[in-house]
Every structure is written in structure tokens, then in C-alpha cells.
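First up is the structure itself, then whatever we jot down about it.
The values are calculated or read from the model by the stated rules, or taken from the named source; none is laboratory data. Quick caveat: nothing in here was measured; it's all calculated off a predicted structure. Cβ coordinates were reconstructed from backbone atoms using ideal geometry, including for glycine residues, and neighbour counts include every protein chain displayed.
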Amino acid sequence: MRNAIVKRFVQGAFGSSSRLRSRSAIATATTSPIALSSRQYAASASLAQEVAEIVVFPREGPGVSYGLNWALAGRGVIVKDKAFLNLKPSELLQKGATTSETLSGLPVHVRGNAVGGTSEISKAQFSKLLKQVTTHISSIPNVFVQDGAVGSSLKYDAKVRVISDSPSAVLSLSNVLFGTPSRAISHDSCPLTVYVATSLSPSTADIIGLGSQANGGFIAADIERSSLILCGKAFSDIKGTKDALAALAGPVISARGGLPLSARLLVSGESVILLFAPEDTLQSCSDLLVSADAGVILSSQGVAPFFQTRDSGSPNLFKLPAAVVLASVDSSGTIPSLSKLSSGQAAYHFLAGYQSGKFVPVYGKCPSAIDPLELAKAFLSKMTEIQLPSFLINLSEGEKKVTGMELIKLAESTLSKNISPFESKAGDLQSKYQSFISGKYQELPEEFLF
């Protein structure tokens, strides 16, 4: 039994090309007391010692790397034949990769979501799913591995390792993640792991108790385990995949001193503006932003987007913002069209995220493991630290509706004009804010003001 375990362990590390000498070839046929005593002593030797005794190492070659196979075994994937690491797009195409049609709206299950708004998955369900996925990938002859990062700042990013049964999935995700230096994953203290099982049976979700899923597949993430699973064609749901990756990356980025925010970057001349606004408004002017995706890392060194941008020549790290612009939607006339906020007011309106009678805390509709109040506190601290001016725009003053392009112009105007301080007009909007925030969050910092 022990020999069988050792054999599987070694095969997982070195692939099927490893040659194992049988126990009988190592042991002698003697029955002397000394030999028996030696056998009893050898039986208590460590697994590593036994492996060293019985393994004949083959040469490394394309798809055969001892270090990579050991690392994958540590993540539950036993390489059956070969594992290919960080292939170039042209190499992936040679291995059979194809460009898949983009999907949207696939089911997303997140464990550890502090914001809400998505289906949950229990610890037991995720563990069972992960076991089935790793077993499935272990049964595939060739495994494809891609390393990358959420965030373009090397100091504040979250490293990611993708383990896939398909070169097509790796090709797709390589266009989402930022590149990372070689061996960065092995030196990282808490990398994220993405398991992609494109050919796993669609009935898997039903088997583990998640119920029937969309025909294209589904997405499951466990923030506590820093793990993401993409089943079926889920890797083609770029938005769902990015939302899940952002949820996993948030705690890692925060622990490293960065501030993960659901914002966009607007570059105006030599200045950078950090922009928060409703999603539909931002999508109407996405071509004018650094990235159409929500997700920015703010640090004392500057700002960086979560995911690759359309412009491959854009910098990895942008300079510190010249302004923060928060866009609310208030048709009652209480909020002026454009006003300047104190840091405490900015943190308060950031926490509320008021949009047409609804509150979207910290402007984030996607899953997140970070409590909105804690994020707002950290945002206040960072604005104070780097002396970041902030402004509030009302996208709906009376009958006037501010379009995406008009939002851009208003945001840029904060860089050149003297803006009057925020003063709310008569109305009951302030009481709505207070009712929502006091009912949802306790012990609000005294700096937080309407």
C-alpha cells in the first residue's frame, strides 16, 4: 500500500515518464537478523527519503518540469503527461487554442462575499466541487498553466496562477491578467489559483447541490481559499470572471497596503482623475477612460487598473490622482450639479453611493470580501494622507440628464475651475442618507459628514 502511494506521489511530480524501480529490485533476498533489523528501520524512514531511493530521474523537456509538477501537485492536480507553463499566444494556437464567443450572465457563486448580490456556495460544496475539478484536470493528458496578476503594480498586485485543461481558456485569460515576472508565483506568499475545467460534465453543479446551471457553465469562488473555478465555457464570460477575480484579489491587495476601489481612471492632459459613477453612465463613455472595467488600486505610489487595458502601451502605474470625482443621481434638487467636498464628506458620499433613490455602497455592485465601511475608512485615510481633492457631481438635476460625455467634461473641469463647497438644498435627501447609513453601519467616524 505504501509503495503504491509513493508511486502515485512521484508520478504526480514527474509525470508518466518517470521510471520507478520496484521495491523488490531495491531489497535484498537475505533473511539475516541484521537485514530484518535494517528493513524495520527503513520502514520508518520519511516519504522524501523513500522517494529518493526509488526514483530514477528522467531528463526535463518541453512540458516536463519537476518544479512545476510538484507545485501543481500541491494544488491538487497530478500531471498525467505534460504541463505547459506560460506559452506564448502563437504557441497556444499551435496547441489547438481557439477564440471563443464571448458569453455573459453565467451563474456566479461566491463564498465570503461581504457585499451580497450573488449566489452563495457553502464550504462543503466548494470543497466537493474543487475535488471533482482537480480530479478531472488530473485525468487530462496535457495541462496548461498561465501565471499573471490582478493589478499592474508589482508591489500591490495579487499574483494569479491559472491551471486549465484547455489552451483556449489560457489564451482568453492571458488577455485579462497582467504579466508577472518569472518565478513570481513561487515566491509569492498568497497567490490566487484559477482552475478551469472546460470539459467537465455540466451535471457537476447539480451533483454538489448547486442546482441546474446555464448550459455555458458557471463560476464559483471561495475568497477564504483564494480559489476560483471556471466550469464549461465560463472562461468566455469575461465580466463574470473579472468580477470574481476582483473579489478574490481585494483582500490580498488590501493586506499589501493598496486600496482596491470600484472606480475608473480618466486621463486629462498630464492629470489623472479617479472617477466613481453609475455603471450605465460610465459604459456610455468607456472609450474615453483608461479601462472599461471597474477596478483600480490606489496607493501612495499612484494608481493602477485591475486588468489589462485596450492600450498595451499605457503605463503599468499612473501618477497619483489630481482629483476624486463622485457622481450621484438626485432628481430632487438637493445635490448641486457640481461641488467640492471635504475628505470626510467624500468618504460619506462614497460609502452611500446614492443613485436614483437607491444606495450602492462604495459604488460596488460586484462581490467583495471587504466591508464597505472599512473600505470607506481606508479611503478617507488615503485621501487625507496624499491630500487628494474631491468633488461631487449630480447626474440628474431636475429634468436635465447628464450623459457620459458631459460627465467627462464636468470631471475635467474640476482640474481648472474654482468649485464652490458642497451645500445641500432644502429637501429630505439628507435624512434618507442618515437612515440608510445608520441602519446599516454602526459607529460611523465623526469625520463622515453629509
Exactly one condition in (1) within 23 Å of the chain's Cα centre (by Cα); (2) at pLDDT below 95 is false for Gly63; which is it?
(1)
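Residue by residue, here is whether (1) within 22 Å of Leu154 (Cβ to Cβ); (2) small (Gly, Ala, Ser) holds:
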site	(1), (2)
Ser212	no, yes
Gly217	no, yes
Asp222	no, no
Ser226	yes, yes
Ser236	no, yes
Thr241	no, no
Gly269	no, yes
Val272	yes, no
Thr281	no, no
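Given the residues Ala327, Ala347, which is the only one that is at pLDDT 95 or above and closer than 19 Å to Ser416 by Cα?
Working: Ala347 fails: closer than 19 Å to Ser416 by Cα.
Just a single option satisfies the conditions, and that option is Ala327.
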Return a yes/no flag: does segment 92-101 have any residue that is of a type outside the set (Phe, Trp, Tyr) and more than 20 Å from Gly232 (Cα to Cα).
yes
Any residue in segment 122-144 that's more than 15 Å from Leu228 (Cα to Cα): show its pairings with residues that are surrounded by fewer than 16 Cβ atoms within 10 Å (Cβ to Cβ) at Cβ separation under 7 Å, as long as the two are six or more apart or on different chains.
Pro141/Asp81; Asn142/Asp81
Scanning segment 386-425 residue by residue, those surrounded by 15 or more Cβ atoms within 10 Å (Cβ to Cβ), closer than 13 Å to Ser342 by Cβ and over 33 Å from the mean Cα position of the chain (by Cα) turn out to be Ile419, Phe422
For segment 305-314, state whether one or more residues are crowded, with 21+ Cβ neighbours inside 10 Å, outside any strand (DSSP E or B) and either out of contact with any helix residue (DSSP H, G or I) (no Cβ under 9 Å at 6 or more places or on another chain) or modelled with pLDDT under 95 (or both).
no
Scan segment 371-388 and tell me whether some residue there is among the polar types (S, T, N, Q), closer than 30 Å to Pro107 by Cβ and touching a helix residue (DSSP H, G or I) at 6+ places or on another chain (Cβ under 6 Å).
no
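Which one is nearest to Ile393 (Cα to Cα), of the residues in segment 234-280 that are polar (S, T, N, Q) and under 16 Å from the mean Cα position of the chain (by Cα)? Full working, then the answer.
At the first step, the residues of segment 234-280 found to be polar (S, T, N, Q) are 236, 241, 254, 262, 268, 271.
Remaining after also requiring under 16 Å from the mean Cα position of the chain (by Cα): 236, 241, 254, 262.
On the way: Ser236: 35, Thr241: 31, Ser254: 28, Ser262: 17 Å.
Checking each candidate, the answer is Ser262.
Residues Ile297, Ile335: which one is aliphatic (A, V, I, L, M), buried (at least 16 other Cβ atoms within 10 Å of the Cβ), assigned to a loop (DSSP other than H, G, I, E, B) and in contact with a Ser or Thr (Cβ under 7 Å, 6 or more places away or on another chain)?
Details: Ile297 fails: assigned to a loop (DSSP other than H, G, I, E, B).
On inspection, the qualifying residue turns out to be Ile335.
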